[in-house]
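A.B. asks: I'd like to ask some things about the structure below.
The values are calculated or read from the model by the stated rules, or taken from the named source; none is laboratory data. Just so it is clear, the structure is predicted and the values come from calculations on it, not from any experiment. Heads up, the Cβs are rebuilt from the backbone with ideal geometry, glycines too, and the neighbour counts pull from every protein chain shown.
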Amino acid sequence: MDALLPLGIADGMLYVSLVLPGMMAQNRNLIIIAAVLGSVLNVLGYFFSPPGGELTHVITNRVLAFFTICLAAILCLLKNNADEKLTAARNFLEARVQDRTTELRDSNKRLNNEVDSAKLVKAIAMASNETRAIDDTLSFCIERVCKFADWPLGHLYLTEDKTATRLIPTGIWHVRDPGKFDVFQKITVDTPLEIGVGLPGRVLSSGEPEWIIDVTKDPNFPRAKQVKDIGVKAGFAFPILIGPEVVGVMEFFSTKAVEPDEEILAIMGQIGTQLGRVLERKQAQDQSDVSQEQLRNLYHRLQEVREEERTRTAREVHDHLSQLLTTIKLELSLLDKKLADHNSGTQKSTQQLLDMSDEAIQSVKRIAMDLRPPILDDLGLPEAIEWQVKEFKSRTGIHCQFLNQTNGDEMDLERSTTLFRIFQETLTNIARHSQATTVSVKLYTSKENINLQVEDNGCGITAEQIQSLRSLGLLGMRERAMVWGGNVQIKVADRGGTIVTINIKRDGNAKNEGEN
């Protein structure tokens with residue numbers, strides 16, 4: 001433009017536009033270069049423009065153009081500097097926000113982990129103090145630990161004896177994906193572990209939680225050597241403690257190799273102490289069960305000895321004493337005939353002796369029947385119950401009826417004796433306490449049980465009386481039934497009175513247990 005226009009017209013202001021690209025590019029060096037270039041061109045334009053205009057006016061225009069270029073460059077530099085500071089401040093704030101967001105996210109994650117840990121410990125503590133079945137409590141705890149760690153497999157080992165030198169696998173598992181770990185489960189069930197052997201053995205030895213990053217690469221994990229792929233990788237385990245003694249080990253496995261997590265191990269240490277209460281209760285329950293079983297066996301043996309003694313005594317009474325009394329009666333009859341023609345007073349005394357011998361013979365028969373009714377041994381339970389019903393009716397005057405619905409099913413003598421003795425005790429209680437006028441008896445069988453139901457229309461019985469430990473007769477009835485896996489149920493009838501139902505197993509041995 002300067003080369004085409006005379007000096008009076010070209011004034012160099014257009015060179016200011018060279019600064020603008022630098023400002024738009026936000027480049028300090030470009031702004032300076034554009035300003036220098038504009039100034040140089042402004043000066044060169046003075047020399048290359050055609051002559052014209054006043055010299056003073058031309059120089060003034062060129063100077064103003066130079067100052068305008070400088071001012072524009074300075075303003076662009078100031079703006080660029082302000083933009084850089086603003087960008088730096090924004091970047092700084094964004095970095096701080098990102099750092100704070102990361103810190104908050106980490107803090108929130110730690111807080112959630114602490115909350116989850118507290119919930120886990122609380123849930124297991126509550127489960128440890130509940131009265132639910134021991135196996136159910138242990139299964140619940142294994143499941144909660146698996147969910148907390150997000151691991152799919154958990155299992156319980158228990159020590160074999162009080163010396164705590166060997167671990168025995170149990171059937172207590174949690175498997176998130178049933179069927180996926182069948183191979184590992186089968187190997188575990190068949191693999192008891194000595195102290196120091198395998199993951200559980202190490203925990204048993206140290207008494208501390210242990211972690212294996214990859215069990216397939218661990219030299220001390222014998223289960224991994226039995227098959228090529230056992231389906232698990234990482235594993236951790238912790239001890240269940242009663243005081244300082246390790247009584248069990250819980251182990252958990254993941255399908256991926258995982259680095260040790262010290263927080264999880266610390267939490268598992270707390271849980272192991274909590275679960276010690278469960279196994280302590282289990283030990284006490286096992287000891288109680290053993291004691292109860294021993295007492296029940298002793299009671300059963302006492303009942304057997306009592307029945308044997310009753311049978312022997314009844315046989316002795318029937319065979320010997322009854323025969324002796326019969327012989328005495330025959331001799332008295334002969335003596336009475338010989339004295340028939342003599343003193344009538346003597347004959348009268350002889351007749352009294354005959355009457356007394358008749359009463360003695362009847363008493364002996366009754367005693368023998370009470371000790372051990374021969375009908376029970378010879379004809380079976382239904383006939384024995386029918387005979388007892390008639391005896392009870394004649395002795396007490398209470399109307400009593402019997403319904404036999406066994407359909408000819410036979411049962412062994414031991415079970416028949418048990419039912420018959422419980423039935424006798426039931427009738428005794430009715431006669432003593434019920435004030436009943438009618439009693440109905442029903443004998444029937446089901447697929448698994450032999451059942452005897454006795455119902456009266458008396459004054460009934462209270463729940464406190466049923467559960468009272470002073471009701472020795474009821475306790476004895478229950479114990480007799482439990483020997484054969486049965487039970488005795490006592491309840492108040494809808495229209496008044498009491499219903500007693502005795503159930504015993506048709507098959508099995510004396511070690512079966514029923515429920516009261």
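A.B. asks: Would you pick out the residues in segment 416-442 that are under 44 Å from the mean Cα position of the chain (by Cα) and charged (D, E, K, R)?
C.D. replies: R421, E425, K442
A.B. asks: Okay, next question. Count, please, the residues in segment 499-516 that happen to be at pLDDT below 50 and not polar (S, T, N, Q).
C.D. replies: 5
A.B. asks: While we're looking at this one, here's another question. Do you know which residues across segment 248-267 are crowded, with 21+ Cβ neighbours inside 10 Å and modelled with pLDDT of 90 or more?
C.D. replies: G248, V249, M250, E251, F252, F253 - these are the residues of segment 248-267 that are crowded, with 21+ Cβ neighbours inside 10 Å and modelled with pLDDT of 90 or more.
A.B. asks: Kindly list the number of the only condition in (1) surrounded by 15 or more Cβ atoms within 10 Å (Cβ to Cβ); (2) touching a residue at least 40 places away in the same chain (Cβ under 8 Å); (3) out of contact with any Gly (no Cβ under 7 Å at 6 or more places or on another chain) that fails for A384.
C.D. replies: The one condition A384 does not meet is (2).
A.B. asks: Right, here's the next one. Taking segment 384-407, which residues are within 11 Å of L443 (Cβ to Cβ) and charged (D, E, K, R)? Before the answer, list the steps.
C.D. replies: So the first thing to find is which residues in segment 384-407 are within 11 Å of L443 (Cβ to Cβ), and the list is 384-386, 389, 402-407.
Hit for segment 384-407 is E386, nothing else.
A.B. asks: Now for a separate question. Considering only segment 373-410, how many residues are small (G, A, S) and within 17 Å of I422 (Cβ to Cβ)? It would help to see each step written out before you state the result.
C.D. replies: First, the residues of segment 373-410 that are small (G, A, S): 380, 384, 394, 397, 408.
Narrowing further to those that are within 17 Å of I422 (Cβ to Cβ): 380, 384.
Number of matching residues: 2.
A.B. asks: Among I450, I367, I430, which is the only one that is modelled with pLDDT of 75 or more, assigned to a helix (DSSP H, G or I) and either touching a strand residue (DSSP E or B) at 6+ places or on another chain (Cβ under 6 Å) or closer than 19 Å to T501 by Cα (or both)?
C.D. replies: Numbers: I450 fails: assigned to a helix (DSSP H, G or I); I367 fails: either touching a strand residue (DSSP E or B) at 6+ places or on another chain (Cβ under 6 Å) or closer than 19 Å to T501 by Cα (or both).
Within the list I450, I367, I430, the selection yields I430.
A.B. asks: Which condition number does K228 fail, the rest of (1) assigned to a loop (DSSP other than H, G, I, E, B); (2) basic (K, R); (3) within 25 Å of V145 (Cα to Cα) being met?
C.D. replies: (3)
A.B. asks: Provide a single number: the residues in segment 151-168 that are free of Cβ contacts under 8 Å to residues at least 24 places away in the same chain and either under 25 Å from P260 (Cα atoms) or among the β-branched types (V, I, T) (or both).
C.D. replies: At the first step, the residues of segment 151-168 found to be free of Cβ contacts under 8 Å to residues at least 24 places away in the same chain are 161-163.
In the following step, the residues that additionally are either under 25 Å from P260 (Cα atoms) or among the β-branched types (V, I, T) (or both) were identified as 163.
The number of residues fulfilling the criteria is 1.
A.B. asks: Which one of these does S440 not meet: (1) out of contact with any helix residue (DSSP H, G or I) (no Cβ under 9 Å at 6 or more places or on another chain); (2) modelled with pLDDT under 90?
C.D. replies: Of the numbered conditions (1) out of contact with any helix residue (DSSP H, G or I) (no Cβ under 9 Å at 6 or more places or on another chain); (2) modelled with pLDDT under 90, the odd one out for S440 is (2).
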